[in-house]
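Below is one structure, written out as structure tokens, with a few remarks after it.
The values are calculated or read from the model by the stated rules, or taken from the named source; none is laboratory data. Because the structure is a prediction, the values reported are computed rather than measured. Virtual Cβ from ideal backbone geometry, glycine too; neighbours counted across all protein chains shown.
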Ligand SMILES: [Zn+2]
């Protein structure tokens, strides 16, 4: 990137760097078909900076010419019962809170369409998704309401819609200009939809030292303050901002027309997170080296972005981790970028050789302990994330 970077949310130039990663996988969520492909996967550099005005965090080294989302992009968390439960409860409560029944609902960046199906099912709604990386997997939805996905942008292909509700989950953090996604929503102002936006919560990442959440795919990290600013700068009136999913996700509920708004959350100072970032990486490098020296067999559980990030950026992890376990069968037999660690389902016999399982997301600890117990496996379990 050349020239002085500016904040993607408020356009301010008061950006202070606080985290640096020299070699991060460009795509944590694209697994490769062979170990050699994985070892040669593209890398990018990360410099996280915080905006002194709106507290937005961005990677000022991000180069979006590196990124092109395709059907290979696999970030569905819907194979986990914990996540599935969260998403179902969320869809049910949104439909009930805003009385969205037999209406049109829209999801921007709907991925494989799992949440879209839930929105349709919860209120017999006509659910329309937009996603350029959609691979056509939900042609057979036969629940109440209807579901269709359009492989195009909503600004171009959605003008004729009249949605009562618009959701976008885990999309804004992937965009270099997130305001573009939000400002285009005014085309639906006549329908007066409720808008629900969900992103990873940077405040949680700082508070919990969740260093594995720093990934190249995210040029943006939203704090409550910056998400509120994104809305108000682009024609949305936010009326509810809250953390969900154990604090990991930040959500805003907003309207396109006037109404009561929330007070802007206070500024955030992530400098201590910057110091902790390097310490956490060093601690895990030492821990893995010690396990390895003692003849241990370390497996990580979770081949999503946290797992891929851990394996790629902790020094020595690619040599000391023997396997990654993931419930998503689409990941089975594939390899994580840069580290080249193979991914398998819990049915893989090699899991029985593990002496230590590292849990990449604390919320899945109970679920994973149950999986191990049901297979009569007695390895130790440790939460990383
Ligand atoms: Zn800003």
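Couple of notes before you dig in:
- Among residues of the range 39-67, those that are within 30 Å of residue 319 (Cβ to Cβ) and not in a helix (DSSP H, G or I), counted: 14
- Of everything listed in (1) part of a loop (DSSP other than H, G, I, E, B); (2) within 16 Å of residue 118 (Cβ to Cβ); (3) in contact (Cβ under 8 Å) with a residue 24 or more places away in the chain, the single unmet condition for residue 142 is (3).
- Looking only at the range 35-54, and only at residues there that are surrounded by 13 or more Cβ atoms within 10 Å (Cβ to Cβ) and over 20 Å from residue 174 (Cβ atoms), the one that is farthest from the ligand (Cβ to nearest atom): 35
- Search result, residues across the range 261-275 that are touching a strand residue (DSSP E or B) at 6+ places or on another chain (Cβ under 6 Å) and more than 15 Å from residue 227 (Cβ to Cβ): 270, 271, 274
- Among the residues of the range 308-327, those that are more than 16 Å from residue 357 (Cα to Cα) and surrounded by fewer than 20 Cβ atoms within 10 Å (Cβ to Cβ) comprise 315, 316.
- Flag if residue 254 is under 30 Å from residue 232 (Cα atoms) and under 22 Å from the mean Cα position of the chain (by Cα): yes
- Of the criteria (1) surrounded by fewer than 14 Cβ atoms within 10 Å (Cβ to Cβ); (2) at pLDDT below 95; (3) over 19 Å from the mean Cα position of the chain (by Cα), which one residue 13 fails: (2)
- Verdict on residue 74 being away from the ligand (no atom under 16 Å from the Cβ), closer than 30 Å to residue 334 by Cα, at pLDDT below 90 and not assigned by TED's automatic domain parsing to the domain that holds residue 310: yes
- Filter result (in a loop (DSSP other than H, G, I, E, B) and either under 19 Å from the mean Cα position of the chain (by Cα) or closer than 30 Å to residue 28 by Cβ (or both)) within the range 147-178: 151, 152, 153, 158, 170, 171, 175, 176, 177
- The criterion of at least 1 residues that are without any contact (Cβ under 8 Å) to a residue 12 or more places away in the chain and more than 16 Å from the ligand (Cβ to nearest atom) is met by the following strands (runs of 3 or more DSSP E) wholly inside the range 179-272: 237-244.
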